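Nothing in this text is a laboratory measurement; each read-out follows from the coordinates by a stated rule. No experiment lies behind these values; they were computed from the predicted model shown. Heads up, the Cβs are rebuilt from the backbone with ideal geometry, glycines too, and the neighbour counts pull from every protein chain shown.
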Amino acid sequence: MPTPLIPRVAAAATLSLLAVDLVAQRATPTAKFGDFSTTISHGVVKVGQHSLAALPVGGTWRLGKDHASTWSTDVPLVTDGAVMPPGEYRVSLERVAKDRCVLVANGSGHALGRKEASGDFRLAGKLATLPRPSKKLAIDWDLPKPLPKDATTVNAMLSVQFGEDQWTGQVTLPAGSTQKVGRFRVSTFALEKSVFAAADKPIPVAVVEAGCGRTTSSYFQELSQEVEKFLVARMPEWQKTKPQAAGLQVAVMGCVVNGPGESKAAHIGISLPGTGEAPRSPVFEDGEHVCTLEGPTLAQDFLARIEAYVERMA
């Protein structure tokens, strides 16, 4: 529900709207591009006393009822120089001006290219009045039909309709490919140069990830995200001085048992220890074990190894 200015009014308004439909159905509007897709899952709310027009500037709405609305994507989403990496996020709508709202992927603190402190992926869009009001919350995707053959990107329009109001925004889905690396499937996407500014062609950024029950998942995810941020930040400079780095493959493997074999498929890779195991992580370069990292500076040391590897690329 939209967040009104007065908490007591918010509670009353919520009850009046939820009473219209006690058990909300879930809708899953999906946009597909090749073998990849992005989906928003939300509870279907019938129009009651409130509309998007009633959402005050600075207010937010979680886009549905009952369980949280979520945005799941296995393809990076690009808008205004920012990238939302594949993953699953909570989604909400925030009104930033009288005629504008942004769709916020809450919890995507590792959104690439964002300078805001939160780092959340924010998709800007405009509000308009529908010629025929909707009777319930409807979220939908609109892609070009037919899709251009051999397209490297596709622009997808996302719309949110509720009552007399409609919000629309646009994201770009890049083309991707998937290959098998050991026991894992690795997806690689080419992100256009406008995202990272500088380069004469799309910049591929490949981060190979694999985990198992032996790994402390939070640290594995943090290191994966830190490596991804590092690659994105350094790629524009490397594109000028080391164009060979455009195809760099970095492996962050979540198992010290199977990881070493898997990470040999990448140019440089690291295998993390499991929970309760000695904090020692072997590093492989071009399939050869070159060192073992450990201690509180493990992440920084691995990034330094990546930098040194690129510097040696001929």
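Determine, for Ile139, Ile270, the number of other Cβ atoms within 10 Å of each Cβ, and report the residues in order from fewest to most.
On the way: Ile139 23, Ile270 28.
Ascending number of Cβ neighbours within 10 Å: Ile139, Ile270.
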I want the local charge near Ser92. Using Cβ-Cβ distances under 12 Å, sum +1 for each Lys or Arg and -1 for each Asp or Glu among the other residues. +2
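Please find the FRET efficiency linking Asp74 to Glu226, where r is the Cβ-Cβ separation and R0 is fixed at 22 Å, and quote it to the nearest 0.05. Please list the in-between numbers first.
Numbers: r = 21 Å, r/R0 = 0.96.
The calculated FRET efficiency here is 0.55.
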Proxy exposure order for Asp80, Asp165 (fewest C-beta within 10 Å first) is Asp80, Asp165
Pseudo-spin-label distance Ala151 to Glu288, built 7 Å along Cα→Cβ, given in nm, is 4.6 nm
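Just check the range 24-97 against the gyration tensor rule for me: Cα atoms, a ≥ b ≥ c as the square roots of the eigenvalues, rounded for a/c under 1.5, and otherwise prolate or oblate depending on whether a/b exceeds b/c. It would help to have the intermediate numbers written out before the result.
Values: a/c = 2.60, a/b = 1.44, b/c = 1.81.
The shape class here is oblate.
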Scattering from the C-alpha atoms of the range 23-174 alone, worked out with Debye: what is log10 I(q)/I(0) at q = 0.11, 0.12, 0.21 1/Å? -0.41, -0.49, -1.46
